[in-house]
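**Q** Quick one: the structure is below, and I'll ask about it shortly.
Coordinate-derived values only; no laboratory data. The structure presented is a predicted model; accordingly, all values stated were derived computationally and were not measured. FYI the Cβ positions are ideal-geometry reconstructions off the backbone, even for glycines, and counts take in every protein chain you see.
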Amino acid sequence: MNQQRFFANGIPQVLERRPEIAGKLLTLEQVETIAEHNDRAIIPVSGDCLEGAQVLDGGWVAVDFTRFPAPPRYKSRGGDGSEDLCLCYAVFPGQRTPVVMCKAYAGVWGPWQMVGTRYDLSHPYNCGMEAKRILGVLFASWDAAGQLLWERDPDSFPEQLGTMPTIRGGELMPLRTGAARSDKPGDRGGD
């Protein structure tokens, strides 16, 4: 694989030459190899779970592997309600194995880095999940025709990922596949 094909130098309005990727999904090993040789890359998007954030299936995103998403700017805490998008390695709910995905960064919940979907209005629900790794921050998006949809200055993102909890959930715990059954009468636990 020629890593220089992925180098992002500036933000073009139109992606004239888009890299060819064998298969639809990038593996963690491919991303690590790209990041080893480049601080920034343009990679393909497969899936519609960020269409509400203008990251479109069949399109492209620019990722900076040296920058990370900032905590969400909650309106309830005086923010503008925006959140950063990231490239992560996570297990989508209902699946067993982690894969590389583009997701919205939701913040830190206890010891977990949390990410989530941002579907367009045709999907009634979004979902959140634990990210096993945050690989970098997204700073531009193009549609399948290569037209720029949005961009941000990559230097506006933090150089380190936050570790202090930003999500308060009381006694809630993440749902785990194959949860243990309760011994309480009438409680169906993991059913």
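**Q** Going highest first, how would you order 84-91, 136-143, 152-159 by mean Cβ packing within 10 Å?
**A** Peptide ranking by packing, descending: 136-143, 84-91, 152-159.
**Q** Something else about it: If you stretched the chain out fully between Gln54 and Leu25, how much longer would it get, using 0.36 nm times the residue separation minus the C-alpha to C-alpha distance?
**A** 8.5 nm
**Q** Over all distinct Cα pairs, what is the inverse of the mean 1/r for region 66-171, reported as the Kirkwood hydrodynamic radius in Å?
**A** Kirkwood radius, region 66-171: 14.7 Å.
**Q** Please give the length that would be gained between Asp80 and Val14 if that part of the chain were fully extended, namely 0.36 nm times their separation in residues minus their C-alpha to C-alpha distance (nm, one decimal).
**A** Between Asp80 and Val14, full extension yields an extra 20.8 nm.
**Q** Still on this structure, I have one more. Taking the Cα of Ala144, stepping 7 Å toward and past its beta carbon, and measuring to each backbone N in region 84-126: which are under 19 Å?
**A** 102, 119-123
**Q** With each pseudo-label sitting 7 Å past Cα toward Cβ, what's the Leu121-Glu151 distance in nm, one decimal?
**A** 2.9
**Q** Further question on the same structure: So what is the relative contact order of region 22-130, in percent, for Cα pairs below 8 Å that sit 6 or more residues apart?
**A** 22
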